[in-house]
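The structure appears right after this line, and notes come after that.
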Amino acid sequence: MLGGISTYISLIFGYPSDLIAKDIQLSPKDKDATVEAEKKMKYEGIKGFYKGISKAFAKNVIVGAATFLIYECAVSFLAGAQVL
């Protein structure tokens, strides 16, 4: 459970920088992160920094569950227990 919470916290703080980096890659003119961030804040507001974060949250739930399942199956297999 703490792993999921830490993932969501890291998304909340790291998602805006990832979004700015993606915008810089898509925009051939602006190569400066501060300029891109100022543009985003001016035209979209604070919500612009978190556009699409719900998809990232949903993806991380699925990835986290799959990772946990694979880990538990591997541990059970290596311990010699019957997995499923």
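The values are calculated or read from the model by the stated rules, or taken from the named source; none is laboratory data. Since this is a predicted model, take the numbers as computed values, not measurements. Every residue, glycine as well, gets a Cβ built from its backbone with ideal geometry; the counts of neighbours run over all protein chains shown.
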- Six or more apart or on different chains, Cβ under 6 Å: which pairs go from a residue in the stretch 35-53 that's over 14 Å from residue 24 (Cα atoms) to one that's among the small types (Gly, Ala, Ser) and not in a loop (DSSP other than H, G, I, E, B)? Could you list them? none
- Query: If you go through the stretch 18-31 one residue at a time, how many are free of Cβ contacts under 8 Å to residues at least 12 places away in the same chain and surrounded by 10 or more Cβ atoms within 10 Å (Cβ to Cβ)?
  - Reply: 5
- Query: of a type outside the set (S, T, N, Q), part of a helix (DSSP H, G or I) and surrounded by 12 or more Cβ atoms within 10 Å (Cβ to Cβ): does that describe residue 37?
  - Reply: yes
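Yes/no matrix, rows are residues, columns are (1) surrounded by 11 or more Cβ atoms within 10 Å (Cβ to Cβ); (2) modelled with pLDDT under 90; (3) part of a helix (DSSP H, G or I); (4) under 20 Å from the mean Cα position of the chain (by Cα):
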{"site": "56", "(1), (2), (3), (4)": "yes, yes, yes, yes"}
{"site": "59", "(1), (2), (3), (4)": "yes, yes, yes, yes"}
{"site": "71", "(1), (2), (3), (4)": "no, yes, yes, no"}
{"site": "76", "(1), (2), (3), (4)": "yes, yes, yes, no"}
- Item | Flag if residue 80 is more than 15 Å from residue 20 (Cα to Cα) and free of Cβ contacts under 8 Å to residues at least 12 places away in the same chain | yes
